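Take a look at the structure below.
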Amino acid sequence: MLVMVAAAVLAGVPAYAASGSDSSGQPGAGTAARYGEQVIDLARGWEGAGACVVWPEMLEVPECFDTEAEMNRRIGELETGMAASTGVSTGTRATSGSSCASYLRLYDGTWYTGAVLYLRGRWQWFNLADYGFDQRTSSYRIGACSARFADRRNGSGDRYPTSLTEAYDVAPTMLSGWNNDVSSVYIT
Ligand SMILES: [Ca+2]
């Protein structure tokens, strides 16, 4: 399995094509990610990683790190590169379109602890099973754009109240009945 994943990465197969907004849904298709020198399949497990970035616009495959601090440094590098390439410095104004800081951080533990999944990309449902994070969210932080949470794939099933997932909302715990229940998320 690992060999197949590695081959897919080396061949530049767009890992997101199989997940992302694809509504056909193929649980178990796998999501290759870089973790140090390794290639791991996020859908099968994080192999000890503590923080993963899923940012289809910037990264061909997700990248994982031991800690959230290491992940944050990498995100900072990517944002700096993005600002340099567009000539717009980050933080000076909210840019329109897909460069909006539309991130979402989901934590396995309450109070922003445990493994953290950083998702960045607008107008699409992310199925958390594709990233080994199905029904694990116990706390979250939202970036500059509001989000939607659903308890089934592709936004189906029950929806988390959107009044609690607006821009810059944070929640150290989930609403009653929603701990370890979110299966898909959307960033506006
Ligand atoms: Ca959890």
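Yes or no, residue by residue, for (1) modelled with pLDDT under 55; (2) under 13 Å from the mean Cα position of the chain (by Cα); (3) acidic (Asp, Glu):
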| residue | (1), (2), (3) |
| --- | --- |
| Val13 | yes, no, no |
| Gln26 | yes, no, no |
| Asp41 | no, no, yes |
| Glu47 | no, no, yes |
| Cys64 | no, yes, no |
| Ile75 | no, yes, no |
| Thr80 | no, no, no |
| Thr90 | yes, no, no |
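Looking at region 30-50, which of its residues are within 15 Å of Val116 (Cα to Cα) and part of a loop (DSSP other than H, G, I, E, B)? Steps first, please.
In the first step, residues of region 30-50 are kept if they are within 15 Å of Val116 (Cα to Cα); the result is 33, 35, 42-43, 45-50.
Scanning region 30-50 gives Leu42, Ala43, Gly45, Trp46, Glu47, Gly48, Ala49, Gly50.
Of these, Gly114, Gly177, which one is within 16 Å of the ligand (Cβ to nearest atom), touching a strand residue (DSSP E or B) at 6+ places or on another chain (Cβ under 7 Å) and not in a strand (DSSP E or B)? So that I can check it myself, show each step before the final result.
Working: Gly177 fails: touching a strand residue (DSSP E or B) at 6+ places or on another chain (Cβ under 7 Å).
When all the criteria are applied, what remains is Gly114.
Which condition number in (1) touching a strand residue (DSSP E or B) at 6+ places or on another chain (Cβ under 9 Å); (2) within 16 Å of the ligand (Cβ to nearest atom) is the one that Arg152 fails?
(2)
If you scan region 115-138, which residues turn out to be out of contact with any Gly (no Cβ under 7 Å at 6 or more places or on another chain) and of a type in the set (Gly, Ala, Ser)?
Passing the criteria: Gly121, Ala129.
Scan region 143-158 and give yes if some residue there is assigned to a loop (DSSP other than H, G, I, E, B), within 27 Å of Tyr35 (Cβ to Cβ) and of a type outside the set (S, T, N, Q), otherwise no. Steps first, please.
At the first step, the residues of region 143-158 found to be assigned to a loop (DSSP other than H, G, I, E, B) are 143-146, 151-152, 156-158.
Applying the additional criterion that residues be within 27 Å of Tyr35 (Cβ to Cβ) yields 143.
Subsequent filtering for residues that are of a type outside the set (S, T, N, Q) retains 143.
Scanning region 143-158 turns up at least one residue that is assigned to a loop (DSSP other than H, G, I, E, B), within 27 Å of Tyr35 (Cβ to Cβ) and of a type outside the set (S, T, N, Q).
In region 115-140, which residues are at positive phi and crowded, with 17+ Cβ neighbours inside 10 Å? Give the steps one after another, and end with the answer.
Of all residues in region 115-140, those at positive phi come to 121, 123, 132, 135.
Listed by number, the residues that qualify are Gly121, Gly132.
What pairs can you find where one residue is in region 62-79 and under 10 Å from Cys52 (Cα atoms) and of a type in the set (S, T, N, Q), the other is at pLDDT 95 or above and outside any strand (DSSP E or B), and their Cβ atoms are less than 7 Å apart, with a gap of 6+ or different chains?
Listed by first residue and then by second, the contacts come to Thr67/Gly50.
Can you confirm whether region 129-136 contains a residue that is more than 25 Å from Glu63 (Cα to Cα), assigned to a loop (DSSP other than H, G, I, E, B) and modelled with pLDDT of 95 or more? Lay out the reasoning, then the answer.
First, the residues of region 129-136 that are more than 25 Å from Glu63 (Cα to Cα): none.
No: zero hits.
Looking only at region 34-76, count how many residues are within 18 Å of Ser102 (Cα to Cα) and in contact with a Phe, Trp or Tyr (Cβ under 8 Å, 6 or more places away or on another chain).
11
What's the number of the condition Ser163 fails, among (1) away from the ligand (no atom under 14 Å from the Cβ); (2) polar (S, T, N, Q); (3) free of Cβ contacts under 8 Å to residues at least 40 places away in the same chain; (4) crowded, with 21+ Cβ neighbours inside 10 Å?
All conditions are met except number (4).
Determine if region 173-185 includes at least one residue that is among the hydroxyl-bearing types (Ser, Thr, Tyr), surrounded by 14 or more Cβ atoms within 10 Å (Cβ to Cβ) and under 15 Å from the mean Cα position of the chain (by Cα).
Kept after step one, since they are among the hydroxyl-bearing types (Ser, Thr, Tyr), are these residues of region 173-185: 173, 176, 183-184.
From the residues that got through so far, the ones that are surrounded by 14 or more Cβ atoms within 10 Å (Cβ to Cβ) too are 183-184.
Retained after the next criterion (residues that are under 15 Å from the mean Cα position of the chain (by Cα)): 183-184.
Within region 173-185 (the criterion being among the hydroxyl-bearing types (Ser, Thr, Tyr), surrounded by 14 or more Cβ atoms within 10 Å (Cβ to Cβ) and under 15 Å from the mean Cα position of the chain (by Cα)), the answer is yes, since at least one residue qualifies.
The values are calculated or read from the model by the stated rules, or taken from the named source; none is laboratory data. In this text, all values refer to a predicted model and were calculated from it rather than measured experimentally. Counting neighbours? That spans all protein chains shown, and the Cβs are built from the backbone with ideal geometry, glycine included.
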